[in-house]
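To keep things clear, I will list the structure first and then write my remarks on it.
The values are calculated or read from the model by the stated rules, or taken from the named source; none is laboratory data. As the structure is a prediction and not an experimental result, all values here were calculated from the model. All Cβ positions, glycine included, derive from the backbone under ideal geometry; neighbour counts span all protein chains shown. Ligands, DNA and RNA are excluded from the accessible area calculation, which covers all protein heavy atoms including side chains. Shrake-Rupley method; radii C 1.70, N 1.55, O 1.52, S 1.80 Å.
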Amino acid sequence: MQKRWYDLDPTLSLAVSLMEKADEKVQLECAYHIIDKAKDYGVKITDSDLSEAFNYLFRRWYDKNKQLHDAFEYLKASPYDVQLGLAFDIIEKLDDKDKKQS
């Protein structure tokens, strides 16, 4: 069985899984965070690459929204240490949201 790129690391996989289960507003908050932080670390993705991939690969849960799609493209293009840092950020953010709702 071929794993998805984010399933190769359990922390990254958990962050994506939690994000998938979150409501759309929280997903978008996480997406903006991923994009902003990835850009802060110098990750570059061209607009044409993003729009071509979005139009072609509209089959994953995060492809339902262009912002989510773009965030995952930035995350995928990020170096491993940046991916892990972002994963921890997302897990913490979603854990805080769960605690506040309980």
statement: Residue pairs qualifying under the 7 Å Cβ cut-off, at least six apart or on distinct chains, with the first in segment 12-26 being in a helix (DSSP H, G or I) and the second being loosely packed, with under 14 Cβ neighbours inside 10 Å and not hydroxyl-bearing (Ser, Thr, Tyr), are Ser13/Asp7; Glu20/Trp61
- prompt: If only one of Tyr74, Tyr80 is among the aromatic types (Phe, Trp, Tyr) and touching a helix residue (DSSP H, G or I) at 6+ places or on another chain (Cβ under 7 Å), which one is it?
  reply: Tyr74
query: From the list Lys100, Lys39, which residue is part of a helix (DSSP H, G or I), modelled with pLDDT of 90 or more and of a type in the set (D, E, K, R)?
result: Lys39
field: Qualifying residue in segment 51-68 (condition: among the aliphatic types (A, V, I, L, M) and modelled with pLDDT under 85)
entry: yes
Single match in Ala87, Ala71 (criterion: small (Gly, Ala, Ser), modelled with pLDDT under 95 and open to solvent by less than 20 Å² (accessible area, probe 1.4 Å)): Ala71
query: Among Ala31, Ala77, Ala22, which is out of contact with any strand residue (DSSP E or B) (no Cβ under 6 Å at 6 or more places or on another chain) and either at positive phi or modelled with pLDDT of 95 or more (or both)?
result: Ala31
